[in-house]
Amino acid sequence: MEKISGEPKDSMKQKLTLLLLLSAVLSVANCKKEPLLITGSETMHTLLNVVAAGYAKKNPNVEVTVQGGGSFEGIEKLFESKTDIAASSRPLTPEEQTQFERKGRFENVLIGYDGIAIVVNPANTVSKLTLEQISKIFSGEIKDWSQLGGKPGPIHVVLRNDKSGTAAYFETHILRQRDLGEKEYQASKKKEFTSDSKVVADNDEMADLIEKDIASVGFMGMGSAQIQNKGKVKAVPYSKTGKDPFVEPNIQNVSERKYKLSRGLYLFYLSDRGKKIDEFITYITSEEGQAMVLKSGYLRSTLSTVEVEATKP
């Protein structure tokens, strides 16, 4: 019988299997995920991470990265084409809107609503605050907790940095009393935050500081106060005038317009910069995406019958 030269069949099968496995490994290694970068609002940071995780399960080929830095940071990075989407807890100024429209097909989408919480140490005995009192606290006109019904002691003001959309909203609507009416705003529009304040980069740093200092006070989104930093800070019930009820910031009170200190949460982007951006926006505004917004402690934007912006005077 003639002997057939070459390798045994078993050996050839093993080599073929190894080659196929190596090819599969190389294929996976070379299959890079498409990056999608969202930059901006610290208030929206956790919310967007929750939504991004849900999105990743349905779109495994896209890698969503969420960076903070504040609303101004996100807007600047979008204008400089250094991010795909800007997250902001404030609307654009008319000047910013014009700048983006010159760059391309600019889009602006409202994804939820948030109440701004005035936060103190959980052991602080102050149980309620009016807009005027808060304005005087943060401007340094009220310096001691005893002036507000609390235990005697100096007030330590904590602020977000100048990249924060929450800080910008707070400065106009509370510090300078715009929510009380035009007369009050004109009288207070030159007010500045007290020079004795301590400035922090984000909500987590603020919460850590307030947790350690019973005399401190700050402000942050209600989701950050009541979910991400629960137990570290206490949200103080708020009344715009003192004549209307003092109300705690939560989803129900914001949706029923009982809590007046609230604002929209936005995503800004240029729609001609790739399908991945449009697909993420479609997801976050879908029923599933909006359920995640609600789960994160914010009011979903798709309740069209609900208006929760601060009541205009």
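In segment 172-200, which residue that is polar (S, T, N, Q) and part of a helix (DSSP H, G or I) is most open to solvent (accessible area, probe 1.4 Å)?
Step one: of segment 172-200, the residues polar (S, T, N, Q) are 172, 177, 186, 188, 194-195, 197.
With part of a helix (DSSP H, G or I) added as a condition, the list becomes 172, 186, 188.
On the way: T172: 36, Q186: 87, S188: 12 Å².
Going through the qualifying residues, I end up with Q186.
Looking at segment 95-115, is at least one residue at pLDDT 95 or above and either within 15 Å of G218 (Cβ to Cβ) or open to solvent by 30 Å² or more (accessible area, probe 1.4 Å) (or both)?
Checked against the condition, which is being at pLDDT 95 or above and either within 15 Å of G218 (Cβ to Cβ) or open to solvent by 30 Å² or more (accessible area, probe 1.4 Å) (or both), segment 95-115 yields no hits at all.
One residue is enough: does segment 201-220 have a residue meeting the conditions within 27 Å of P154 (Cβ to Cβ), acidic (D, E), in a helix (DSSP H, G or I) and free of Cβ contacts under 8 Å to residues at least 24 places away in the same chain?
So the first thing to find is which residues in segment 201-220 are within 27 Å of P154 (Cβ to Cβ), and the list is 201-220.
Subsequent filtering for residues that are acidic (D, E) retains 202, 204-205, 208, 211, 213.
Retained after the next criterion (residues that are in a helix (DSSP H, G or I)): 204-205, 208, 211.
Adding the requirement that they be free of Cβ contacts under 8 Å to residues at least 24 places away in the same chain leaves 205.
Within segment 201-220 (the criterion being within 27 Å of P154 (Cβ to Cβ), acidic (D, E), in a helix (DSSP H, G or I) and free of Cβ contacts under 8 Å to residues at least 24 places away in the same chain), the answer is yes, since at least one residue qualifies.
Exactly one of (1) open to solvent by 10 Å² or more (accessible area, probe 1.4 Å); (2) in a helix (DSSP H, G or I) is unmet by D272. Its number?
Only one criterion is unmet by D272, namely (2).
Tell me whether segment 174-188 contains one or more residues that are under 25 Å from L294 (Cα atoms) and of a type in the set (D, E, K, R). Explain how you work it out, then say what you get.
Looking only at segment 174-188, we keep the residues that are under 25 Å from L294 (Cα atoms), and these are none.
No: zero hits.
In segment 24-46, how many residues are at pLDDT 75 or above and assigned to a loop (DSSP other than H, G, I, E, B)? Break it down stepwise before answering.
Filtering segment 24-46 for residues at pLDDT 75 or above gives 32-46.
In the following step, the residues that additionally are assigned to a loop (DSSP other than H, G, I, E, B) were identified as 32-33, 41-44.
Of the residues in segment 24-46, 6 are at pLDDT 75 or above and assigned to a loop (DSSP other than H, G, I, E, B).
Out of all the residues in segment 143-155, which are open to solvent by 20 Å² or more (accessible area, probe 1.4 Å) and under 23 Å from F246 (Cβ atoms)? Before you say what the answer is, go through the steps one by one.
At the first step, the residues of segment 143-155 found to be open to solvent by 20 Å² or more (accessible area, probe 1.4 Å) are 143-144, 146-149, 151-152, 154-155.
Hits for segment 143-155 are K143, D144, S146, Q147, L148, G149, K151, P152, I155.
Would you check which residues across segment 225-244 are within 20 Å of the chain's Cα centre (by Cα) and either under 16 Å from D202 (Cα atoms) or part of a strand (DSSP E or B) (or both) and list them?
Listed by number, the residues that qualify are A225, Q226, I227, Q228, N229, K230, K232, V233, K234, A235.
Any idea how many residues of segment 271-290 are touching a strand residue (DSSP E or B) at 6+ places or on another chain (Cβ under 9 Å) and modelled with pLDDT of 90 or more? Spell out the reasoning first.
Looking only at segment 271-290, we keep the residues that are touching a strand residue (DSSP E or B) at 6+ places or on another chain (Cβ under 9 Å), and these are 271, 274, 276-281, 284-285, 289-290.
Adding the requirement that they be modelled with pLDDT of 90 or more leaves 276-281, 284-285, 289-290.
Residues meeting the conditions: 10.
The values are calculated or read from the model by the stated rules, or taken from the named source; none is laboratory data. Here the structure is a predicted model, which means the values were calculated and not measured. Cβ sites come from the backbone with ideal geometry, for glycine too, and all protein chains shown count toward neighbours. For the accessible areas, the whole protein counts, side chains as well, though only heavy atoms, and no ligand, DNA or RNA atoms are used. Shrake-Rupley method; radii C 1.70, N 1.55, O 1.52, S 1.80 Å.
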